[in-house]
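Okay, so here's the structure we're looking at.
What follows is calculated from the coordinates using simple rules that are stated; it is not laboratory data. Not measured: the values here are computed from a predicted model. So basically every Cβ, Gly included, is an ideal-geometry build from the backbone, and we count neighbours across all protein chains shown.
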Amino acid sequence: MALAEDRTVLATGDSDHSYIDWPAIIAGTVLATAISFVLMTFGSAIGLTLTSAYEGRGMTLFWFAIAAALWMLWVQISSFMAGGYLTGRMRRRNYDATEYESDIRDGSHGLIMWAVCVLLGALIAFSGVSAVVATATGAASTVAAGAAAGAAGNADEMLGEGDSLLVDRLLRSTNATAQPTTADNRGEVGRIIAGALEDDELADADRQYLASIVAARSGLTQEEAQARVDETWAQAQQARAVAEEAAETARRVGLIAAFLTAASLFASAIGAYFGATLGGNHRDKQVMVAGWYRPW
């Protein structure tokens, strides 16, 4: 009758030694953070070469977002695998009863290293020290918030102060004898259009009143003033539609960025566990990588 192979490993280390090897975890955290920082900085430089400050030039936003997401995914997985490998390779085995238990503890150290990196990155992003860490989520949320605010309730800001380009065009006059436009008139016109935008309808009474103001200030006939009011109202509606579309696009981009960030963190946790287990196996088998242990 064949005897089962005894894979029991002799206990090593002191009896009061902790099961968690924090120096190895800290070493892996430092390595993963450094690699991530270097690669993210390099990726930012590449991204700047693909984009342009002028509209219509460079890579489109859709393909740039895909490229950035793939780059972030690769950076996180590779950096956490490297940090996990170093953690597993440097962990000291202490009362590991079997090889299976050793693999579990190596992988657990890799997960702890990953958790420390994530918490450190969240702390840095929260304090605003590093823009590199907060770029993916912070930029998307900022754009979404700004665009949403511009679409939802900025009619007063856009037209109510009387300094809008639409108001300028509406009250523009080429007649030297026309009545001058006062700040009160401009503010009133702006508030009427802003209120109509909120109600999504320009009442006939407001339309006639605006036409009378335009006719008196610009020297146009009532019919010409009426046509100018209609044109201005159409431009205001178009501007609002563009703002709402931008807000919806920014919301979707922020939503996708949040999901991609969560997915990349989950994938990097798997990479950290795998890297730490691999490093622990190489430690036990004393695997030597050519060129690493003696580069000269």
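Below is a table of values for the structure above.
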read-out	value
Net charge contributed by nearby residues that have their C-beta within less than 15 Å of Thr29 (K/R +1, D/E -1)	+1
Full-extension gain in nm, Ala263 to Asp200, via 0.36 nm per residue minus C-alpha separation	18.7 nm
Cβ-derived FRET efficiency at R0 51 Å, Gln222 paired with Val38, nearest 0.05	0.15
Estimated FRET transfer efficiency when R0 is 45 angstrom, pair Glu245-Gln286 (beta carbons, to 0.05)	0.15
Separation in nanometres of the label points that stand 7 Å from Cα toward Cβ, at Thr98 and Ala67	5.0 nm
